[in-house]
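Enquirer: I'd like to ask some things about the structure below.
The values are calculated or read from the model by the stated rules, or taken from the named source; none is laboratory data. Keep in mind it's a predicted model, so treat the numbers as computed, not measured. Neighbour counts run over all protein chains shown; Cβ positions are idealised from the backbone, glycine included.
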There are 2 protein chains.
Amino acid sequence: MLLSKLVCERTKDAPQDAKIKSHILLSRAGFIKQVAGGIYSMTMPCQRMSKKIQNIIREEMDAIDGQEVLFPVVMPRELWELSDRYNTIGSEMVRFKDRNNRDMLLGMTHEEAAVHLANHIVSSYTQLPMMIYQIQTKFRDEARPRGGLIRVREFTMKDAYSFHTTKEDLEKYYYRCFDAYNRIFKRIGLKNFIDIKSDSGMMGGSIAHEFMLLTEVGEDSIVLCNDCDYRANMEVAEGRINKAECEVEPLTEVFTGEDKTIDEVCTRLGKKAEFSCKAVVYAVKGNSEEVVIAFTRGDLEINEAKLKKVIKRDIVPYDGGVSEVIACGNIGPYNIDKSIITVYDKSLAEVNALIIGANKPEYHYTGFNFKRDMPDAEFYDISKVRAGDTCPVCGGKLRIENGIEIGNIFQLGTKYTKSMGMTVANADGSLFNPIMGCYGIGVGRAIASIAQESGDEKGLVLPMSVAPWQVHLCPLRIDNEEVANKAYALYDELKKAGVEVLFDDRDTAAGIKFNDADLMGMPIRVVVSPKSLATDEVEITIRRTKESQKYAYSDAVKVIKDIIAEQMSELNA
Amino acid sequence: MLLSKLVCERTKDAPQDAKIKSHILLSRAGFIKQVAGGIYSMTMPCQRMSKKIQNIIREEMDAIDGQEVLFPVVMPRELWELSDRYNTIGSEMVRFKDRNNRDMLLGMTHEEAAVHLANHIVSSYTQLPMMIYQIQTKFRDEARPRGGLIRVREFTMKDAYSFHTTKEDLEKYYYRCFDAYNRIFKRIGLKNFIDIKSDSGMMGGSIAHEFMLLTEVGEDSIVLCNDCDYRANMEVAEGRINKAECEVEPLTEVFTGEDKTIDEVCTRLGKKAEFSCKAVVYAVKGNSEEVVIAFTRGDLEINEAKLKKVIKRDIVPYDGGVSEVIACGNIGPYNIDKSIITVYDKSLAEVNALIIGANKPEYHYTGFNFKRDMPDAEFYDISKVRAGDTCPVCGGKLRIENGIEIGNIFQLGTKYTKSMGMTVANADGSLFNPIMGCYGIGVGRAIASIAQESGDEKGLVLPMSVAPWQVHLCPLRIDNEEVANKAYALYDELKKAGVEVLFDDRDTAAGIKFNDADLMGMPIRVVVSPKSLATDEVEITIRRTKESQKYAYSDAVKVIKDIIAEQMSELNA
């Protein structure tokens, strides 16, 4: 490809809203162009990278017996009412009426379409296990698209759906896919990624894993143990906290005046926050009159994902107004209004003497003891794990890192096959609902993740397996006839040898050419210049290591092919 | 691929609404499954076929210097307001509001996105010509989806956009793409296709061609000459009609009573229809008070596409009510109300004595002569060509055939670059709006066209270049150990040799296996049976010719590879 013709503009500056490296570099290198919030066009280099990633995904999905199919982007409401997701998914799902006034939607995921396709076709247990997958455009109306291709509204995704006779068979297949995912991420050049247990959220299943690229710009918090391989998404992570040891005291009402926050009250009473009880107020989503108060130890934070699981309802921040008790701010478990849904964190059960709100202005209690004063209280794990807490598996210390979710896999169970009436005959003729798994990878997010992890101060650094072109050929002084002849000849030879080359055919300064080559990130840069040709050589630079070396012009094709083979075999190892 | 695991159900019957061969066969072979009107899922065989077609298109687009990019499916209203298409395209375009109440739409075509991508990036004439294309999902809310994949609402399409400095350069590129299209259709195995001049309709350009597969189930009417290579879509076809010769007569008002139709009036007056003047009434779209009356010879029909071009307005059928003259039915050109837009077909100019309506009940005129009685009338070509009319090029006879549009190319001009403010600097520094071309092929329609043209009474007959698998391997009596061993060994050997094989591993009757193989249409069927193995042979059948021959088992791989190579070289010739 001739760079002079490539529709792809390199710029010194990134768009103002580009804050993270991948967004900045993909924009500056001209790989992406924004059309609307969270909606991008991809230029040729980016689309080539996307197709290479898709092909690697495809190979690995085919290797675990996946059948590539195609589901529609636009689906009718009726299909999504069978699973009840038409009503339960919020405004992130685009709904519209077609010209005949029928309700349609844009698919964000395709469980319903997968069951619709398999239903009636797969009718015997002998056809199981089977997995169908597609690679296609999806639209999810994210409230806050951000980070370039990290969190977009429109994206290309591989989504796969497997069907099984037994839970054991699903589990076996699930871990085959798990392994395939590890191979995919390695093959596309990602390095610092891990798998973690996750909350399956709206997918409606139980066991699930997320694959996370560890990076400080990640939106997800991940809990990891320094000593064993325990790791989990913050939403489901468990940790053991230090016990707050103290003596039992009598329950005593104390005047605390205008002091209300944990800090203020603990300071006034000369106690540490871990001897107090914190109250956080929510309302049930869709019913602001139904109040939920979560209590935990004063030094901990509520984990809303865990809280939702306990109360089996969605919650929103409480916006005030229904109760005097809540308005006064001194909220405590003792004698609290029974109409309020209360949940107690397990950390509270162990503290012998707690400071709690007295549910009236200007007063708190000290010496509150759940066992003695509220023996019927039940306790749940609803607090966030903190760095330094104790690993629930090995007793080591936990740390917290940020990550970008690059893939996820779920054991779905029978939610969709049951609700959509898909049955399959067993060996004895009895009918059963197949057990499903589902498996997703976002292609655009993979591109962003690679840019984020591998990019350096000069630009993109693209792995050999997914780089749009393997070689960036830079003739310097192309107005020099010998340079031009030798450069074009090398370009042709490389192409003949099956090497993918981006050829900078512009008559422009070396500095501009080198900056563009560094910014665009092809793995190998080849320079042909009057200087190199003086000794009949070319200069070959590895983008990743910045190592440069001169080789005889006549060896160039062989050297380049060897470098490509070496880098590919590293990625496929 | 093992047939026993393939999610793809063969059936004896097609869905009730399947009326044409391609729809029936693709449904019966289990290639497609309907999700909603005009919306389908594709099973693995169909998706494999789709990908092979996409790759052939990709190769040919890359060969004419196309750059594959990706535009968004969902676009903001603002982008389409620049070209004014947000308002001018009707309900076939899906519009919706996003969660922030912004107007969005689903792209049916991507001129706006192409200009948006190229704008500012392409800033110098040295970057031209250039062409960008994508292969992606589109949604067009067709009023009447029909024919399976022939006319759908959601489809995969290759759409390409080229940008040029001069009209001559566009023309040169346009015909490169024209040639590429011919290669694509040949390579995917279509035979009876032609290119024809067409009306560029809403695309807003001037010169355009459609590629048509000639087939009786086609929705388009195509005019072809029996003697030269003149051909055109009915919408733009010109023909010379036989002249209606008669003597000049005086203009005479005659009583015609309740007779109103051409038939009734001509019968009463003892004249042929070609000596009468037919009036067809329309209203301007969006303004039912603005009436348009098109006049042509009594034996001809109005061609609405041509009429729209003449009046430069869109029209709808007139639904009555605004004028007594129109209500009486006897409409004629003579002294007609001047507030009505009237258009006269050129056939009328030559007739010396016409029967025309008198614009009042119960009366017509005879002997009307435009030259004498309405010397200011202007004439246009607004009539449909009929089979048997004279070719405008060579004077031969025209015939009319039906066709399916399988591709189209347009010379767009500057409509989009001008309205979207895209300018490029010329050699002298002056700015100009690049001249565009655009080029489309629907992948699903290509699949349907292949099924339609090549399918036979037993099922699909798929060309080697696009068949999901090259070989359908049918062991008979797979419960026989030798058959099973030899069949599985051949399956493995073929796969090792790079041959794509669908392996019917089911323990089922020969009749069922053969019916399925015929229905699914792979180009080569290989049978391994106790009978064939008795002489250590396999039986190889060519689906297309139905020729069967036995070969030594040990030669099978070589014979199959030779057949594949031969059929591929035919397609690529």
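Enquirer: Here is a list: A:ALA510, A:ALA534, A:ALA484, A:ALA446. Which entry is modelled with pLDDT of 95 or more, farther than 21 Å from A:ILE563 by Cα and assigned by TED's automatic domain parsing to the domain that holds A:THR43? Please lay out each step first, then the result.
Expert: Details: A:ALA510 fails: assigned by TED's automatic domain parsing to the domain that holds A:THR43; A:ALA534 fails: assigned by TED's automatic domain parsing to the domain that holds A:THR43; A:ALA484 fails: assigned by TED's automatic domain parsing to the domain that holds A:THR43.
That would be A:ALA446, the only listed residue that is modelled with pLDDT of 95 or more, farther than 21 Å from A:ILE563 by Cα and assigned by TED's automatic domain parsing to the domain that holds A:THR43.
Enquirer: Going by what's in this entry, would B:ALA29 be described as without any contact (Cβ under 8 Å) to a residue 60 or more places away in the chain, among the small types (Gly, Ala, Ser) and farther than 17 Å from B:ARG153 by Cα? I'd like the intermediate steps shown before the answer.
Expert: Working: without any contact (Cβ under 8 Å) to a residue 60 or more places away in the chain: no; among the small types (Gly, Ala, Ser): yes; farther than 17 Å from B:ARG153 by Cα: yes.
When the stated conditions are applied, B:ALA29 does not pass them.
Enquirer: Mind checking which pairs have a first residue in region B:78-102 that is not assigned by TED's automatic domain parsing to the domain that holds B:ARG140 and a second that is modelled with pLDDT under 95 and surrounded by fewer than 18 Cβ atoms within 10 Å (Cβ to Cβ), Cβ under 8 Å, 6 or more apart or different chains?
Expert: Correct list of pairs: empty, since none qualify.
Enquirer: Please count how many residues of region B:139-151 are crowded, with 22+ Cβ neighbours inside 10 Å and modelled with pLDDT of 95 or more.
Expert: 2
Enquirer: Quick check on region B:374-393: of everything there that is among the charged types (D, E, K, R) and in contact with a strand residue (DSSP E or B) (Cβ under 9 Å, 6 or more places away or on another chain), which residue is surrounded by the fewest Cβ atoms within 10 Å (Cβ to Cβ)?
Expert: At the first step, the residues of region B:374-393 found to be among the charged types (D, E, K, R) are B:376, B:378, B:381, B:384, B:386, B:389.
With in contact with a strand residue (DSSP E or B) (Cβ under 9 Å, 6 or more places away or on another chain) added as a condition, the list becomes B:378, B:381, B:384, B:386, B:389.
Values: B:GLU378: 10, B:ASP381: 19, B:LYS384: 20, B:ARG386: 15, B:ASP389: 22.
Ranking the candidates gives B:GLU378 first.
Enquirer: Mind listing whichever residues of region B:340-381 are under 30 Å from B:VAL236 (Cβ atoms) and among the hydroxyl-bearing types (Ser, Thr, Tyr)?
Expert: The answer is B:THR342, B:TYR344, B:SER347, B:TYR380.
For (1) surrounded by fewer than 16 Cβ atoms within 10 Å (Cβ to Cβ); (2) touching a helix residue (DSSP H, G or I) at 6+ places or on another chain (Cβ under 8 Å), each residue gets a yes or a no:
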| site | (1), (2) |
| --- | --- |
| B:GLY440 | no, no |
| B:ALA446 | no, yes |
| B:LEU462 | no, yes |
| B:PRO475 | no, yes |
| B:ALA489 | yes, no |
| B:ASN515 | yes, no |
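Enquirer: Determine whether region B:195-212 contains at least one residue that is modelled with pLDDT of 95 or more, more than 14 Å from chain A (Cβ to nearest Cβ) and part of a loop (DSSP other than H, G, I, E, B).
Expert: no
Enquirer: Identify all residues within region B:2-30 that are surrounded by fewer than 21 Cβ atoms within 10 Å (Cβ to Cβ), part of a loop (DSSP other than H, G, I, E, B) and within 9 Å of another protein chain (Cβ to nearest Cβ); write none if there are none.
Expert: B:GLU9, the sole residue that qualifies.
Enquirer: Test each condition in (1) aliphatic (A, V, I, L, M); (2) within 10 Å of chain B (Cβ to nearest Cβ); (3) under 17 Å from the mean Cα position of the chain (by Cα) for A:MET157 and report the one that comes out false.
Expert: For A:MET157, the failing item is (2).
Enquirer: Please go through region A:51-85 and give me each residue that is farther than 30 Å from A:PHE96 by Cβ, within 11 Å of chain B (Cβ to nearest Cβ) and in contact with a Phe, Trp or Tyr (Cβ under 6 Å, 6 or more places away or on another chain), ordered by number.
Expert: Selection gives A:GLY66 alone.
Enquirer: Mind checking whether some residue in region B:115-123 is in contact with a Phe, Trp or Tyr (Cβ under 7 Å, 6 or more places away or on another chain), more than 7 Å from chain A (Cβ to nearest Cβ) and under 30 Å from B:ALA448 (Cα atoms)?
Expert: no
Enquirer: I've got another one for you. Is one or more of the residues making up region A:31-45 at the interface with chain B (Cβ under 8 Å from one of its Cβ atoms), within 22 Å of B:LEU117 (Cα to Cα) and in a helix (DSSP H, G or I)?
Expert: yes
Enquirer: Could I ask something else about it? Which residue out of A:ARG151, A:ARG144 is more than 10 Å from chain B (Cβ to nearest Cβ), within 12 Å of A:TYR40 (Cα to Cα) and out of contact with any helix residue (DSSP H, G or I) (no Cβ under 6 Å at 6 or more places or on another chain)? Let's see the steps before the verdict.
Expert: Values: A:ARG144 fails: within 12 Å of A:TYR40 (Cα to Cα).
Sole residue among the options that is more than 10 Å from chain B (Cβ to nearest Cβ), within 12 Å of A:TYR40 (Cα to Cα) and out of contact with any helix residue (DSSP H, G or I) (no Cβ under 6 Å at 6 or more places or on another chain): A:ARG151.
Enquirer: Looking at A:ARG477, A:ARG506, A:ARG445, which is the one that is among the basic types (Lys, Arg) and within 31 Å of the chain's Cα centre (by Cα)? Steps first, please.
Expert: Values: A:ARG477 fails: within 31 Å of the chain's Cα centre (by Cα); A:ARG506 fails: within 31 Å of the chain's Cα centre (by Cα).
None of the other options fit; the residue is A:ARG445.
Enquirer: Right, here's the next one. May I ask you to list the residues in region B:411-449 that are in a helix (DSSP H, G or I), out of contact with any Pro (no Cβ under 7 Å at 6 or more places or on another chain) and more than 30 Å from B:SER22 (Cα to Cα)? It would help to see each step written out before you state the result.
Expert: Restricting attention to region B:411-449, the residues satisfying the condition of being in a helix (DSSP H, G or I) are B:415-419, B:443-449.
Of the ones still in play, those that are also out of contact with any Pro (no Cβ under 7 Å at 6 or more places or on another chain) are B:415-416, B:418-419, B:443-449.
Residues satisfying the conditions are B:LYS415, B:TYR416, B:LYS418, B:SER419.
Enquirer: Looking only at region A:411-437, count every residue that is of a type in the set (D, E, K, R), within 13 Å of A:ASN119 (Cβ to Cβ) and in contact with a Gly (Cβ under 8 Å, 6 or more places away or on another chain) and tell me the total. Before you say what the answer is, go through the steps one by one.
Expert: First, the residues of region A:411-437 that are of a type in the set (D, E, K, R): A:415, A:418, A:428.
Checking the rest, the ones that are also within 13 Å of A:ASN119 (Cβ to Cβ) come to A:418.
Then drop every residue that is not in contact with a Gly (Cβ under 8 Å, 6 or more places away or on another chain), which leaves none.
Summing the residues that are of a type in the set (D, E, K, R), within 13 Å of A:ASN119 (Cβ to Cβ) and in contact with a Gly (Cβ under 8 Å, 6 or more places away or on another chain) in region A:411-437 gives 0.
Enquirer: Can you name the strands (runs of 3 or more DSSP E) wholly within region A:294-363 that have at least 3 residues being buried (at least 18 other Cβ atoms within 10 Å of the Cβ)? Lay out the reasoning, then the answer.
Expert: Values: elements: A:315-317, A:341-345, A:354-357.
Strands (runs of 3 or more DSSP E) meeting the threshold: A:341-345, A:354-357.
Enquirer: Yes or no: region B:94-109 includes at least one residue that is farther than 23 Å from A:VAL94 by Cβ, within 9 Å of another protein chain (Cβ to nearest Cβ) and surrounded by fewer than 19 Cβ atoms within 10 Å (Cβ to Cβ). Step through it out loud before you land on a result.
Expert: Just the residues of region B:94-109 that are farther than 23 Å from A:VAL94 by Cβ, to begin with: none.
No, because not a single residue in region B:94-109 is farther than 23 Å from A:VAL94 by Cβ, within 9 Å of another protein chain (Cβ to nearest Cβ) and surrounded by fewer than 19 Cβ atoms within 10 Å (Cβ to Cβ).
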